[in-house]
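Take a look at the structure below.
Quick note: the coordinates plus some simple rules give every number you see, no bench work behind them. The model shown is predicted, which means the values in this text are computed figures rather than measured ones. Cβ sites come from the backbone with ideal geometry, for glycine too, and all protein chains shown count toward neighbours.
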Amino acid sequence: MSDPRAPLVSLEKAGKRYRVYASPGERLLDWLSLGRRSGGAEWWGVRGVSLQIRPGEAIGVVGANGAGKTTLLRLVAGLVEPTEGTREARGRVLPLLALGTGMRAELTGRENVRLAADLLGLPAGYADAELGRIEAFADLGDFFDRPLAFYSRGMKTRLAFSLIAFAEADLFVFDEALAGGDAGFREKCHDWLDAIRAAGAAVILATHQPASLLRFCERALVLRRGAIEWDGEPKAAVAMIRDDKAGRAPASS
Amino acid sequence: MTAASETRFRGLGRLFRLARADLRYGQSGSSWLFFLANPLLQILVYSQALPFFRSQREDYVLFLCAGLLPWQSFSESVVRASQALVRNAGLLRALPLRTDLLVAQSSLISLLGFLVVLALLLALAALHGAPLGAVHLWLPVLALLMHAFACGLGLLLAPLRVLFPAIQEAQRPLFQIWMWATPIVYAESLVAHRFPWWLRWNPPYAFVRPLRALLLEGAAPDWASLQQMIFWTASSLVAGSLAHRALRAEARDLL
């Protein structure tokens, strides 16, 4: 029988390398030289990352732009394969790296819920079964039956977040997902996050907002230049980010 | 200058800056070359060659449609499949979707469109007195084989299109040249005695010829034609899948 506390996702010394070329022609020359010429530059999105995410954990990922937050989340979600190291996963991972993925401007909110639920791989019948609750959670009024093209950014965030609000997954992966929407809706999302954690799901979210980090996460990862510089308490991580310019180290680990 | 006209002028200026940026950064040098080659080629061919070919056959309209429409469906299927990753870049960035299935889905849509075209062609053939019968049940089989062959090419081209954007512009003139080098708008007899090897080793023609024979003469494909089609389809799918597997990660990184 499998251990219920076994990690949902394990990264072991994982790294993701990108090869960057100045132009497609340079890439072609590289190919034609059969590896003898190396015109492109190597860039590691993340490197040497070891991480285990267990059921019920809430992990916040912080770091400056370009620190590797999105690449780390993509590795965790299985959207990219590690160039080096390993990734192991069990259970259902639901990546929400861009709210509104798969939604189309010409379709109504209701139609988009059905379409996006299919694309996200949610169980067949999920959209129809939960449509009433999704509509109530989004709280868009008449706009729920109007084309997405007429939605504000905040309304799109509401719709997209509501779509997954009743989905079942072992691990939710968010990238700045809570940045949109008004204060009332954000609070609703916070309550939802508390509820799914209480139900045993794990959450990993990248954020620039210290308040979100302190509100939900019991563990924080501080990324710098593609490496985990700090893995520990969120308070210390927030202090570390604030003290970053002064170059001070965190008080405890 | 009034405030309204000034606003209009500034809007126009922004439009020009946008167009300039598009021209400067959106197209590579080779893209421009292919962009110009395509209309020039069409002007040359339609003005010089087409009147001559038309004089060669009495049923030229049916002959042309029975060759041109399958060819167009084939070329559009390849082009569409090759754009499958670029077209779905947003989804691929956010979801663990299989890239080969996106290509296959694109080919399937092209196949469905072609089946409708075949129904129209069959009606046109009947109007021209071609005999209709059970032999025409071969049509969807041949259509399936042709689009499976196109899918194999799409599997190869889809990641290449991401890595080398000029492929998009190159496809149009290349398919034009390929079409004119194949007996689509002219009779096979014009080239058969000089370039028999080309007809044998030109894969799309292996599909267009039996399709045309079926539509014009109600002739079922012979065993040799079927073998040839199966060979090209299997080769294309195997080679395309292997290339796709080797290139998909690099292409995905760039999306």
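Subtracting the Cα-Cα distance of residue A:34 and residue A:192 from their residue separation scaled by 0.36 nm leaves 51.6 nm. Put a dot 7 Å past the Cα of residue B:57, heading toward its Cβ, do the same for residue A:64, and the two dots end up 6.9 nm apart. Close amide H pairs (under 5 Å, H built 1.01 Å from N) link residue A:165 with no residue at least 5 positions away or on another chain.
Counting only DSSP H runs of at least 4 residues, each contributing -39500 (n - 2.57), and dividing by the residue count of the protein assembly as shown, the helix-based mean residue ellipticity at 222 nm comes to -18500 deg cm²/dmol. Which of A:58, A:89, A:77 ends up with the largest GNM mean-square fluctuation for chain A, with Cα atoms connected below 10 Å? Maximum fluctuation in the GNM of chain A, among the listed residues, is at A:89. Under the simplified labelling scheme, the residue B:48-residue A:13 pair shows an inter-label distance of 6.4 nm, with each label point 7 Å from Cα along Cα→Cβ.
Between residue B:33 and residue B:76, what's the calculated FRET efficiency when r is the beta-carbon distance and R0 is 25 Å? Round to 0.05. After rounding to 0.05, the efficiency reads 0.65. Summarised as an ellipsoid, the stretch A:1-49 has semi-axes of 38, 11, 8 Å, derived from the eigenvalues of the Cα gyration tensor scaled by 5 and square-rooted, with the largest first.
When +1 charges are put on Lys and Arg Cβ atoms and -1 charges on Asp and Glu Cβ atoms, the dipole computed for the stretch A:26-168 relative to its Cα centre reaches about 400 debye. With a Förster radius of 51 Å applied to the C-beta separation of residue B:189 and residue A:119, the computed FRET efficiency comes to 0.50.
In a shell of Cβ-Cβ distance under 12 Å around residue B:224, excluding residue B:224 itself, what net charge do Lys and Arg (+1) and Asp and Glu (-1) give? For residues surrounding residue B:224, the net value is +1. Relative to the Cα centre, the charge distribution of chain A, modelled as +1 at Lys and Arg Cβ and -1 at Asp and Glu Cβ, gives a dipole magnitude of about 880 debye.
Sequentially through the stretch B:148-153, phi angles give Karplus couplings (6.51, -1.76, 1.60; θ = phi - 60°) of 5, 4, 4, 4, x, 5 Hz, Gly and Pro residues having no value and appearing as x. Of all aspartates and glutamates in the structure, those lying under 20 Å Cα to Cα from residue A:16, and not within fewer than 8 positions of it along the same chain, are A:42, A:81, A:84, A:88, A:175, A:229, A:231, B:250, B:253. In a simple Cβ point-charge model (Lys, Arg +1; Asp, Glu -1; nothing else charged), the stretch B:145-241 has a dipole of about 140 debye relative to its Cα centre. Which whole-number percent of Cα pairs in the stretch B:38-90 have a distance greater than 13 Å? Value for the stretch B:38-90 (Cα pairs over 13 Å): 72 percent. Placing unit charges on each Cβ (+1 for Lys and Arg, -1 for Asp and Glu) gives the stretch B:63-172 a dipole about its Cα centre, and among B:137, B:154, B:127 the Cα reaching farthest toward its positive end belongs to B:154. Label point 7 Å out from residue B:41 along Cα-to-Cβ: which residues of the stretch B:101-119 have amide N under 14 Å? So the set is empty, nothing qualifies. Near the amide H of residue A:229, within less than 5 Å, lie the amide hydrogens of A:222, A:223, A:224, all on another chain or at least 5 residues away, with H placed in the peptide plane. Legend: calculated FRET efficiency, residue B:117 to residue A:214, from the Cβ-Cβ distance at R0 = 60 Å, rounded to 0.05, equals 0.45. Residues whose amide H lies under 5 Å from that of residue A:48, counting only those 5 or more places away or on a different chain, are A:14, A:15; hydrogens are built 1.01 Å from N in the peptide plane. Just in the stretch B:126-216: which trypsin sites (Lys or Arg not before Pro) are loop by DSSP and have at most 12 other Cβ atoms within 10 Å? Filter output for the stretch B:126-216: B:194. Taking only the Cα atoms of the protein assembly as shown, the ratio Rg/Rh comes out at 1.05, with Rh defined as the Kirkwood radius.
Given Cα positions, please report Rg to Rh for the stretch A:24-173, the hydrodynamic radius being the Kirkwood one. My calculation of the ratio gives 1.09. When the charge dipole of the protein assembly as shown is built from unit charges on Cβ atoms (+1 for Lys and Arg, -1 for Asp and Glu) and taken about the Cα centre, the candidate among A:132, B:109, B:99 whose Cα reaches farthest toward its positive end is B:99. The Cα-based radius of gyration of chain A, divided by its Kirkwood radius, gives an Rg/Rh of 1.01. Remark: the stretch A:78-84, residue by residue, has Karplus-estimated 3J(HN,Hα) of x, 7, 10, 8, x, 6, 9 Hz, where x stands for each Gly or Pro and the curve is 6.51 cos²θ - 1.76 cosθ + 1.60 at θ = phi - 60°.
Using a cutoff of 8 angstrom between alpha carbon atoms and counting only pairs six or more residues apart, the relative contact order for the stretch A:61-160 works out to 26 percent. Here residue A:188 is the anchor, and the lysines within straight C-alpha reach of less than 28 Å, apart from those fewer than 8 places off in the same chain, are A:69, A:156, A:235.
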